[in-house]
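A quick write-up on the structure given underneath.
Please treat every number below as a calculation from the coordinates, not as lab data. Keep in mind that what you see is a predicted model, and the values were worked out from it rather than measured. Quick reminder, even Gly has a Cβ in these numbers, built from the backbone with ideal geometry, and neighbours come from all protein chains shown.
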Amino acid sequence: MKFDTLIKHNMPINIAIAEDNSFALKACVDKLLLFPQYRVVLKAFNGEELLSGITKKPVDLILMDIEMPGMGGIECTRKLSLLHPQIKVLMLTTFDNDESVFNAIMAGAAGYLLKEENAEVLNHAILDTLGGGAAMSAGIALKVLKLLRNPQSKPQAEVQDFGLTKREIELLEQLKGGLSYEMIAANLYISYGTVRKHIQNIYGKLQAGNKIEALRIASDNRLI
């Protein structure tokens, strides 16, 4: 349904979420629940489930993760742009590497947002996307400008394991879901201080300066 019609008649905005991480899914739903105009009508584990589900329920916008088992978010977005071009797709992911951003936009995504954004930013991004805008996290917008100015792709790095432990991989998976240190501690039944210590060790092993960089390195090396 057209955005101006939804707003004019104060109708609910139907949202579908494609996300394989249960913690990240809950965090996203909790943010949406703060705004009464949103109604989550579909939750899908991967692209196949999403494509099947939207044929049965009316959807105005999809919040799409990138890395999912089976059909990932970029391939699903590409299919959606052909089969259901009226449905807006807003990528919602932890990955901000140039390749993911470029491929998502080329597949037909209307916006690209990082999971770490708060509820208010997500709300504005959804409304902006439905209104015809191209909502993006600030860092992503800069990357898009960089890609436009210098479209040469970077070579793939050699895959490494960096000596990460099983527990450190678990923490990376939680970070990938956009969870806070407090939520990770609760999910893994460890203290907040232990989470911080693990994260420091992870950053050291990956030689990363922040969370996004650590997740990018781990993803590029197929650790998560």
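When peptides 106-112, 185-191 are ranked by their average number of other Cβ atoms within 10 Å per residue, the highest-first order is 106-112, 185-191.
Projected label points at residue 81 and residue 203, each 7 Å from Cα along the beta carbon direction, are separated by 3.6 nanometres.
Rounded to the nearest 10 degrees, the angle from helix 119-130 to the longest Cα principal axis of the chain is 40 degrees.
Considering only the other residues whose Cβ falls under 15 Å of the Cβ of residue 174, what net charge follows from Lys and Arg at +1 and Asp and Glu at -1? Residues near residue 174 contribute -1 overall. Normalising the average separation of contacting C-alpha pairs (under 8 angstrom, six or more residues apart) by the number of residues puts the relative contact order of segment 166-220 at 31 percent. For the chain, the longest principal axis of the Cα atoms and the long axis of helix 192-206 meet at an angle of about 80 degrees. Given the choices (1) 32, 20, 14; (2) 27, 21, 17; (3) 30, 21, 16, semi-axes √(5λ) of the Cα gyration tensor in Å derived from the coordinates of this structure is entry (3). Taken one residue at a time, the phi angles of segment 12-17 give Karplus couplings (6.51, -1.76, 1.60, θ = phi - 60°) of x, 9, 7, 10, 10, 10 Hz. Gly and Pro are set to x. For residue 91, nonlocal amide neighbours, meaning residues 5 or more places apart or on other chains whose placed amide H falls under 5 Å from its own, are 64, 110, 111, 112, 113.
Each Lys or Arg adds one and each Asp or Glu takes one away; over the other residues whose Cβ falls under 13 Å from the Cβ of residue 52, this sums to +2. Here the relative contact order of the chain, from alpha carbon pairs under 8 Å that lie six or more residues apart, stands at 16 percent.
Note on residue 26: lysines with a C-alpha under 25 Å away, same-chain residues under 8 apart excluded, are 43, 56, 57, 88, 115, 166, 176, 211. With respect to the chain, whose longest principal axis is taken over its alpha-carbon atoms, helix 211-220 is tilted by about 90°.
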